[in-house]
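Working notes for the structure below.
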Amino acid sequence: MALKVKQVKHENIRNFCIIAHIDHGKSTLADRLLEETHVVENAHAIDQILDDMDLERERGITIKSHAIRMTYEMDGELYVMNLIDTPGHVDFAYEVSRSLASCDGALLLVDASQGIEAQTMSNLYLAMDNDLEIIPVINKIDLPKADVEGTEHDIMENLGVDADMIYRISARTGQGVSALLEGIVKHIPAPKGDASNPTKALIFDSYFDPYRGVIVLVRLFEGQLRKDDAIKLMSTDKRYEIEEIGYLGLKKEKAEGLRAGDVGYIIANIKQVRDARVGDTITLFDAPCDEAMPGFEEPKPMVYSGIFPLDKEDHESLRDSLGKLQLNDAALSYEPESSLALGFGFRCGFLGMLHLEIIKERLYREYNVPIIATTPSVKFLVTLTDGAQVVIYNPVDYPDPVKIDHVQEPIMDCEIIVPTDYVGNIMKLAQERRGIQKDMQYIDEKRVSIHYELPLIEIIFDFYDKLKSVSRGYASLDYTFREYRKSDVVKVDILINGEKVDAMSFICHESKAYNWGKSVTEKLQEVIPRQLYKVALQASIGSKIIARSTINAMRKNVTAKCYGGDISRKRKLLEKQKAGKKRMKEIGSVQVPQEAFLEVLKADRE
Amino acid sequence: MNNGDGKNILRHVYIHVPFCEKKCAYCSFYSVKYQDDLKEKYIKALYREIELFQEKYTIKPYTIYLGGGTPSLLDPTEIQEILEKFYLMDFREITIEANPQHLTHRYARDLKKTLVNRVSVGTQSFREIELKTLGRIHTARQNIKAYKNLRKAGFDNISLDFMYGLPGQTMDDVAISLQALIKLDPDHISTYCLSLDESVPLYSQRNAIPDDDDVAAFYDLIRRNLNAAFFTQYEISNFARDGKHSQHNMCYWSDKRYLGFGPAASGYVDQMRYANPDDVDAWCANIAENRVMPNAHSLSYAEWENEYIFLNLRKKEGIWLEDFERTFGVPFTDKYMSVLNKYADQLMRTPTHIFLRPEAYFVSNSLFTEFI
């Protein structure tokens, strides 16, 4: 009985989101809500509806936020509920904040068997900052290892709520979900704002549709938007005309217009996503509002890596693919880069390591361009002896050390939540990564929240994996940029048979240079096959060699016997070897397999 | 290669005898368990295959090579009958591979009565434990006995096989077998470095195989000792006393044409390489339909040149520059100047030849790929 609702009373609109840690059941709960409100009859058929990118589904994380509109009847009144989904990873904290800003309330979903985790906490604080009404929900109460009481205690302690305000559900079985729907109507306030005020709409997401251009998802706070309206994007002052407007059902549902409190979409002949950035404000061109919604930020890449096509021939298609990805991803930045070792490619900026991984994988899967990504780096601020300041986000551009006065590196505020049993391990790890402990608070008797200042360069190399492994998977991490801080960093070069491999250079703290250099040369020693001559692998700072490994000359590659004159078998073997060689890059007359560039990324950074 | 009547004259013949009493643990070549009736079927089809080829080509063998499998599972009379299917006025070398346990005094004596003038004995090792590991069904004692029987019967061209790089093998193991081998004073020695296909039982012991450095050291030891005992290394894996190199094997390395008969045999004729089905029944079925040279692959010019190069470079004398230029119409040293310069330490040069330095034999595949 999916009701078509043209106009619902303003006070009957509920805009909310779900705050949850990965795996705590957000998508499953969304499915149940859609079933309960008859948007879909059987959500299993379209598994986890809100995550519509393959990659998202596979990784079980939401990369981009989406929204869906549901109708719900209670006590003879018809309600519209807009569920706004939020990305679930720290790389996308800004997008999360804009999604939260579009809501009036939030479900805080906590897995009864896991308890509250770091990211949940940080998103919760974010929600509280946005004055959202929080409804605590304990999920997975049907699991045998569920600790409902413990989780309740956690929530009460952290939110200062009473036990009777907490909903207990199983999104999997549907238990408690209809009560939760009633709770949403009861507790989450109707949107504020007035349809007669000057129009003010917040963009909380936008994505590129190859047929329609950019689809902009908005929450209207004030005024109205109608088809054919001339609108203005307040960060750029650009004018567009609304071609189509509507609500976000399972599919897009066209409408005449949207009013204050509504959530919907706009199509206005916008060519690329960067022209309709998340957080920007839309108003009417002829009757603009006074000021934009607060909190708009340009996307800030934090991690940089060189992306090169595996095959030189693919350079063009790599450029095209990055262009297409950027249409849909305002946070991705790139510019041409050339490397002696890898040829022509692009230096790309990413929000974080997950963002980088996603782009790499999308290039491969959606655009079929196999690539090599170089060692990720962060942005360093280098002050030269003449007082000039340069920004270095590619080790290749690192100035001659004699010309450097000092270097600053990005420092992050990190929040780590971990069971008390593992505090020692975490402290050891953070210390190895040059962390400075600022604070430690007990969340309950079993868990603490530790606040560190950590250099970003130390976080991007497998810090998260290490964190998980020293805490048996229990630690959770959240971080935000704090400041640039003076630091003794150096550039380390990698040399193969005396020839510098520009794509393998990296910038790191002086105290790490020897270990990292050694671990890279050792990794190369493992992955570069033996050649006909001895190969020296070196790490250097300037002209000073700090680590060295050697690949001994190849001793055996022979076909001893050609059985009964079966020459074809032998020729095929040689052709196969040749094909293997062709996939290698020749550096200092050494055949270096492509994998070497990937493997150096995995070199231990202890 | 033309005798004026439009037919090619073929000078080299390989005959595959696919039977074994028991398959060796390292062997991935085609063989089936020996049975009398299967042998009858095989011989009948072989005769027919020879006829079919003779209708197509003029075959006047310089060399015939009976390989296996285990050709010594055939009676000397059967061997002679097979040989007599060919025109034999020009023959120079007829080799049979034999297993030591078959080379009794009587078998050797009867074999000498045939046209076979060279015997290649699958001795492999003189260490009992290694023979057992390899799944061989003869002993080191039988190796020696077989050799002596052949000598007594009057054979003056005997080759012995020697395998190395075996699971658990040490330098001492290699040296001991090698000394036993040299002491016998054979005319020819074929050395084989063990390589294991995933499909063979011994693959399970691959981790016990000495590493590349050790195996390379074994190879050096073998080369040094055989050279010292006056064996000339005329090819990567083969050593011979003066004049006793295998003329048949040299045809493979010299880009000569040859015919292969029997299941799993391969041949090279008319710029085509073909391989018979590695299955007795499938091979018989082809012949019953008068079909020879199935799945022939026509070599492209580039493939031919590649083969020419890597085959000739296996030989001590290497590539004869004049022949290369005559065959491919371009001077070798012009075409491959950059490779020759880059690998000047490995590729030696005389005014007439380019050859591989013996020290580079064991990494020869890496060099061969440079010419592809």
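In summary, B:Ala282 fulfils each of the numbered conditions (1) hydrophobic (A, V, I, L, M, F, W, C); (2) in contact with a Phe, Trp or Tyr (Cβ under 9 Å, 6 or more places away or on another chain); (3) not in a loop (DSSP other than H, G, I, E, B) with the single exception of condition (2). As a summary of the residue check, B:Val339 satisfies the conditions (1) in contact with a helix residue (DSSP H, G or I) (Cβ under 8 Å, 6 or more places away or on another chain); (2) closer than 28 Å to B:Arg11 by Cα; (3) in contact (Cβ under 8 Å) with a residue 24 or more places away in the chain except for the one numbered (2). I'd like to verify a number: residues in region A:324-365 that are out of contact with any Phe, Trp or Tyr (no Cβ under 9 Å at 6 or more places or on another chain) and either small (Gly, Ala, Ser) or touching a residue at least 24 places away in the same chain (Cβ under 8 Å) (or both), how many? The total comes to 7.
Which is in contact (Cβ under 8 Å) with a residue 24 or more places away in the chain and either facing chain A (nearest Cβ under 9 Å) or open to solvent by 10 Å² or more (accessible area, probe 1.4 Å) (or both), of B:Trp253, B:Trp283? Can you show your working first?
Working: B:Trp283 fails: either facing chain A (nearest Cβ under 9 Å) or open to solvent by 10 Å² or more (accessible area, probe 1.4 Å) (or both).
Answer to the check: B:Trp253.
Each residue in region B:113-153 was checked for being open to solvent by less than 40 Å² (accessible area, probe 1.4 Å), more than 14 Å from B:Ser72 (Cβ to Cβ) and outside any helix (DSSP H, G or I), and 4 of them qualify. Residues of region A:331-354 that are within 30 Å of A:Tyr479 (Cα to Cα), open to solvent by 20 Å² or more (accessible area, probe 1.4 Å) and part of a loop (DSSP other than H, G, I, E, B): A:Leu351 alone.
Taking region A:286-326 as the range and being in contact with a strand residue (DSSP E or B) (Cβ under 6 Å, 6 or more places away or on another chain), open to solvent by less than 20 Å² (accessible area, probe 1.4 Å) and closer than 30 Å to A:Tyr240 by Cα as the test, the residues that pass are A:Cys289, A:Leu322. Only one entry of B:Phe239, B:Phe231 meets the criterion of being within 14 Å of chain A (Cβ to nearest Cβ), open to solvent by less than 50 Å² (accessible area, probe 1.4 Å) and closer than 19 Å to B:Ser120 by Cβ, and that entry is B:Phe239. Quick check on region B:301-311. Is at least one of its residues within 22 Å of the chain's Cα centre (by Cα), open to solvent by 10 Å² or more (accessible area, probe 1.4 Å) and not acidic (Asp, Glu)? Checked region B:301-311: at least one residue is within 22 Å of the chain's Cα centre (by Cα), open to solvent by 10 Å² or more (accessible area, probe 1.4 Å) and not acidic (Asp, Glu). Considering only region A:251-261, state which residues are touching a strand residue (DSSP E or B) at 6+ places or on another chain (Cβ under 7 Å), part of a loop (DSSP other than H, G, I, E, B) and open to solvent by 10 Å² or more (accessible area, probe 1.4 Å). Correct list: A:Ala255, A:Glu256. Scanning region B:21-47 for residues that are at pLDDT 90 or above, open to solvent by 20 Å² or more (accessible area, probe 1.4 Å) and either hydroxyl-bearing (Ser, Thr, Tyr) or assigned to a strand (DSSP E or B) (or both) returns B:Tyr26, B:Ser31, B:Val32, B:Lys33, B:Tyr34, B:Tyr47.
Criterion applied to A:Leu454, A:Leu477 was being of a type outside the set (Val, Ile, Thr), part of a strand (DSSP E or B) and closer than 22 Å to A:Val382 by Cα, and the one residue passing it is A:Leu454.
To keep it simple, each residue is scored yes or no on (1) open to solvent by 50 Å² or more (accessible area, probe 1.4 Å); (2) within 20 Å of B:His245 (Cβ to Cβ); (3) more than 14 Å from chain A (Cβ to nearest Cβ); (4) touching a His at 6+ places or on another chain (Cβ under 7 Å).
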residue: B:Asp187; (1), (2), (3), (4): no, yes, yes, no
residue: B:Cys193; (1), (2), (3), (4): no, yes, no, no
residue: B:Asp197; (1), (2), (3), (4): yes, no, no, no
residue: B:Arg223; (1), (2), (3), (4): no, yes, no, no
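I'm told B:Ser177 meets every condition in (1) open to solvent by less than 30 Å² (accessible area, probe 1.4 Å); (2) in a loop (DSSP other than H, G, I, E, B); (3) farther than 25 Å from B:Gln247 by Cβ except one. Can you identify the failing condition by its number? Failed condition: (2).
One residue stands out among those in region A:481-502 that are more than 18 Å from A:Pro376 (Cα to Cα) and under 21 Å from the mean Cα position of the chain (by Cα): the one that is surrounded by the most Cβ atoms within 10 Å (Cβ to Cβ), which is A:Arg482. Among helices (runs of 4 or more DSSP H) lying entirely in region B:288-372, which contain 3 or more residues that are more than 14 Å from chain A (Cβ to nearest Cβ) and over 30 Å from B:Glu49 (Cβ atoms)? Output list reads B:321-328, B:332-335.
The values are calculated or read from the model by the stated rules, or taken from the named source; none is laboratory data. Because the structure is predicted, anything quoted here is derived from the model rather than measured. Note that each Cβ is placed from the backbone with ideal geometry, even for glycine, and that neighbours are counted across all protein chains shown. Note: areas computed on protein heavy atoms with side chains; ligands, DNA, RNA excluded. Shrake-Rupley method; radii C 1.70, N 1.55, O 1.52, S 1.80 Å.
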